[in-house]
Structure formats: C-alpha cells, structure tokens
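In what follows, a single structure is set out as structure tokens and then discussed.
The values are calculated or read from the model by the stated rules, or taken from the named source; none is laboratory data. Since we're looking at a predicted model, the values are computed, not measured. Neighbour counts are summed over all protein chains in view; Cβ atoms, including those assigned to glycine, are modelled from backbone coordinates with ideal geometry.
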Amino acid sequence: MKEYIKNNIIVVSIIILIIFIILISIVISIYKNNNSDGNISEEIDESSFDIDIKEDISKVILNNEFYNVKNCVQYYIDYLNDENYDAIYKVLDENFIKDNDITVENLKNANIKLNGNKYIVNKMNKKDKDLDIIIYFVYGKVVNDDYTSEEEKNFTVIMDYSQDIFAIIPKNLEENSSYEYNFDIKDDTIDYYNEFINETPSEQDILTEYFNYYKDLAIHNPSEAFALLEEEYRNKRFDNEESKYIKYLKDINVDNIYPDKYMYNEYDDYAEYVCLDKNGIYYIFEETAPMEFTLKLDTYTIETEKFITEYDSADDEKKVMMNIDKWIMMLENKDYENAYNSLDETFRNNNFENLENFEEYIKNNIPNNNSLEFEEYNYVGDGIYTEKIKLTNNEENIEKTLIIQLQEDRKFVLSFDI
C-alpha cells in the first residue's frame, strides 16, 4: 500500500512539473511575439530620458529680477548723460561692439546723449540660458524730471548672476532669434562699470517707487496718472471724467503729498501696497507684476468683501458709526461730490444751493486731518439715529451732531447741525 501511495506522489509531481514548464514556455512565447527583434531582454534607449530644455520667453514677475535689470539700464542711461564713454564701452555686449565696429573714440563722435535722465520700465520679458545667465528684453522710456520730454527706449540686457555682472544691447532683440549673444562677459575689475548689486527690494521700497511714480505723473502728466486708476473705481469716484480728477489733485495740493504709513497684503492673484499720506488720504496699489498696477484713492468707493461682511453682520449702532466714518473720509479725501450726494435731500436743498456752496462750507468749517470720536448715540425711530461726534486735529476740536438714516444695500443719508 505504501508503495502505491509513493508511486502516485511521484506521478503527480511529474505532472505538476510538466504543467509549470508549459506555462513558462507560453509566457516566453508571448513576450517574444511582442518584441520585433525577438530578444527577451530589450535594450533601453537612454536618450529617451534626455530633458528638452526649452528657451521660452516669459514675463518677469519677480521684483528682485525686475529691479536688478532696471538698475543696470539706469546705469547705462547715467553713463550716456555723463558722457562717460569708457563706461558705455565696457557695458556694451561684446558681439554688438564687434558687429558695429564700436570704439571709445567713435562713441564720443556719435552724439548719443539723451534728453531724459530717468528710465521707466513698461514691460520686461526674459529668456533663461541656464541657471546663472539670463537674457532680459526691456521695454520702456526715458523721461526728464518734469516729463516734458519722453523718448521710447528698449534694451536687451544679459545678466550673469554667478558674477553679478551685466552687458547691454541698446535695442530689443526679443523678436530676433538669430542674434549670437556673448555669454562670456568679462568683469570690469578696474572701474566696476558692469557690476550690479543683486538685492531684493523691500515692500516699502516698492511702494515708495510706485508712490513717487504716481506723484510725478499726477503733477506733470495727469492724463497718464488718471489712466492708472482702476477702471471701476475711476468710473464711480470721478464719473470717468478727467476734469473732476484734475480738480481733486488741485484740492489736495498734489505737490505736497508725502507717504506716512505703509501696509502690504498678498493675495492669490495680486499684491496690495497700501499707503496713507500725511493728510489721511489712501493710495492703494494692486500689483499683478512689477510696474503693472492699478490704483485706488480711498477705501470706501468700492466696498471690500471685508467691509461688506462686517457691515451686514453689525447691529444698527455699528452701521451708523461705519457710515459716519465713511462720510468723514469723503471730506478728508476732498470727495465733496459724493459727500454732498449723501446728504438728506430736504436738508441739502434747504441749506446748500449747490455743490459749490457745500464745498465752501466744509472748507470753512471742518478742518483737515481729523481724528474721529463717537460720543453719544440715540435711536429716533423709523430707521433714523443721531450720533454726536468730535473731530480733533492739532489746531482745534469740533463737535457735531449728525442725523443718519440707514437704507438698503449699505446706503444712508444724513444731515447735521449747521
């Protein structure tokens, strides 16, 4: 019996082995059929793992890059205006020098001095050669101090970040794919004309740059300054009328505006630079890329989501205070028209013949740059409230009682004791 069992085990084992061999043969056959050369072990093409580095042109979105390049162009502008021909020669691209047979001597005879001294960048793109060397394509204009002269000037700038040196081509070659750049830039170790300081400007540096740029335009070229205003804001605040904006500039004495306090906020799609000047006027720059921004001149013309949420969840007393604060801000911002339109119609008709009368009254009776205090609140009835306030500045204190009626959609009308 034992012998019988032993023989059966041997037979079963042989059958299992045969089945296993057959399965292995089938797998090998299938693999061979799927390989045209019939080899079980396919040779891997290592070139298929090569990374294709594309030299695509992209917009410059980092502030440190933008201002590094802008500063290098400004160096070149300064060298031109100083008639420093040795410096000009040393910052020019070597291949550009060779292609144009440039020497220090013929630079002197070329009469290339500019009519302006300040470079304004309108747009900047770039193309990376490698991690250290980048080509920048710069679009902009040269202006003088009072903006009476503006000259379009575009440049190509090669930056070597491994050595913090640069080379300039006094034309924009973004559309020229055949130009052969010299990437072996030689450092000027004698006068350091082609060296730059690689640094990142602070948020306050950038805001100051934007503020000064806007102020220069507001003084010398108000049409361009007006165009910087955010479109919806421009329509609501000034009815898209440049004449109203120019009157506003006169009312605030734009020559004497100076930044006082700063704030920076970063959002998904833009950065917000907020400045409060000495007179309590806001300047809110919304930046999508360096030197690409729109501007608002107050915090109330276009209500923020934060304001809407806070207002809608507030009780009536808080709503009264928020609306009075908004109205006082209109006065501080010389926004007489919107302040006038916020008056109760009967009160307005009985006390002010027109907007000019109201404006004259405010100028003579309510000083600028006030701090606002709420002193006494009362409910009159039918959605009407009174609020006694105190306005304080360095010269005097003024107390006023305001009567305010809350309306739908965060609207209000008010009157006050004359």
**Report entry** Matching residues in segment 109-122 - criterion: being under 29 Å from Asp146 (Cβ atoms) and free of Cβ contacts under 8 Å to residues at least 24 places away in the same chain
**Finding:** Ala110, Asn111
Requested in this report: Those residues that are part of a loop (DSSP other than H, G, I, E, B), in contact (Cβ under 8 Å) with a residue 60 or more places away in the chain and not basic (Lys, Arg), I need them from segment 275-302; list them, please.
Outcome: Asn279, Gly280, Pro290, Met291, Leu297, Asp298, Thr301, Ile302
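Residue-wise test of (1) at pLDDT below 95; (2) more than 21 Å from Asp315 (Cβ to Cβ); (3) surrounded by fewer than 14 Cβ atoms within 10 Å (Cβ to Cβ).
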residue	(1), (2), (3)
Asn357	no, yes, yes
Glu360	no, yes, yes
Pro367	yes, yes, no
Leu372	yes, no, no
Tyr379	no, no, yes
Ser415	no, yes, no
Query raised in the report: If you take the residues in segment 214-224 that are more than 14 Å from Glu150 (Cβ to Cβ) and not aromatic (Phe, Trp, Tyr), which one is nearest to the chain's Cα centre (by Cα)?
Result: Lys215
Report task. Give Val320, Val380 a once-over and let me know the one that is more than 29 Å from Arg234 (Cα to Cα) and either outside any strand (DSSP E or B) or out of contact with any Lys or Arg (no Cβ under 8 Å at 6 or more places or on another chain) (or both). Result -> Val380
Report summary line: Within segment 350-382, residues on the phi > 0 side of the Ramachandran plot and in contact (Cβ under 8 Å) with a residue 60 or more places away in the chain come out as Asn369
Requested in this report: Considering only segment 311-330, state which residues are of a type in the set (A, V, I, L, M, F, W, C), crowded, with 17+ Cβ neighbours inside 10 Å and over 30 Å from the mean Cα position of the chain (by Cα).
Outcome: Val320, Met321, Ile324
Report summary line: Counting only residues in segment 145-193 that are surrounded by fewer than 16 Cβ atoms within 10 Å (Cβ to Cβ) and among the basic types (Lys, Arg), the one farthest from Ile135 (Cα to Cα) is identified as Lys186
Query raised in the report: Among the numbered criteria (1) farther than 25 Å from Lys215 by Cα; (2) in contact with a helix residue (DSSP H, G or I) (Cβ under 6 Å, 6 or more places away or on another chain); (3) buried (at least 16 other Cβ atoms within 10 Å of the Cβ), which single criterion is violated by Leu295?
Result: (1)
Report task. Output the residues belonging to segment 162-209 that are closer than 21 Å to Ala87 by Cβ and hydroxyl-bearing (Ser, Thr, Tyr). Result -> Tyr181, Thr189, Tyr192, Tyr193
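Given the criteria in contact with a Cys (Cβ under 6 Å, 6 or more places away or on another chain) and under 17 Å from Lys70 (Cβ atoms), does Phe196 qualify?
Yes: the conditions hold for Phe196.
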